[in-house]
1. Suppose we filter ASP49, ASP42 for residues that are assigned to a loop (DSSP other than H, G, I, E, B), touching a residue at least 12 places away in the same chain (Cβ under 8 Å) and within 11 Å of the chain's Cα centre (by Cα); which single one remains?
2. Kindly check whether there is at least one residue in region 45-64 that is among the hydrophobic types (A, V, I, L, M, F, W, C), touching a Cys at 6+ places or on another chain (Cβ under 8 Å) and surrounded by 10 or more Cβ atoms within 10 Å (Cβ to Cβ).
3. Scan region 19-39 residue by residue and report those that are of a type in the set (S, T, N, Q) and in contact (Cβ under 8 Å) with a residue 24 or more places away in the chain.
Amino acid sequence: MCLHQPRCPTAEAKDREAAKTVAAHPEQGWSLLCNGVVVFDDTGEILPDGSVIAPHRGPALHAA
């Protein structure tokens, strides 16, 4: 449960990645956010209910 003011976005919100980091493990490539979302360096995510969000990086700058 988020105790920040203003409150962090929920795991269901579109801007869920804006929640504050509560545990960072850059050596392993992931971080836990205040809303229970695990985010990975490749932009993939695991939501608290166990569902997975595939990596969602945009096209390479040279391809744009």
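Laboratory data are not the source of any read-out in this text; all were calculated from the coordinates shown. Quantities reported herein were computed from a predicted structural model and do not represent experimental measurements. Note that each Cβ is placed from the backbone with ideal geometry, even for glycine, and that neighbours are counted across all protein chains shown.
1. On the way: ASP49 fails: within 11 Å of the chain's Cα centre (by Cα).
So the residue among ASP49, ASP42 that is assigned to a loop (DSSP other than H, G, I, E, B), touching a residue at least 12 places away in the same chain (Cβ under 8 Å) and within 11 Å of the chain's Cα centre (by Cα) is ASP42.
2. Residues of region 45-64 that are among the hydrophobic types (A, V, I, L, M, F, W, C), as a first pass: 46-47, 52-54, 60-61, 63-64.
Checking which are touching a Cys at 6+ places or on another chain (Cβ under 8 Å) leaves us with none.
There is no residue in region 45-64 that is among the hydrophobic types (A, V, I, L, M, F, W, C), touching a Cys at 6+ places or on another chain (Cβ under 8 Å) and surrounded by 10 or more Cβ atoms within 10 Å (Cβ to Cβ).
3. Start the filter on region 19-39 by keeping residues that are of a type in the set (S, T, N, Q), which leaves 21, 28, 31, 35.
Of everything in region 19-39, just one residue is of a type in the set (S, T, N, Q) and in contact (Cβ under 8 Å) with a residue 24 or more places away in the chain, namely ASN35.
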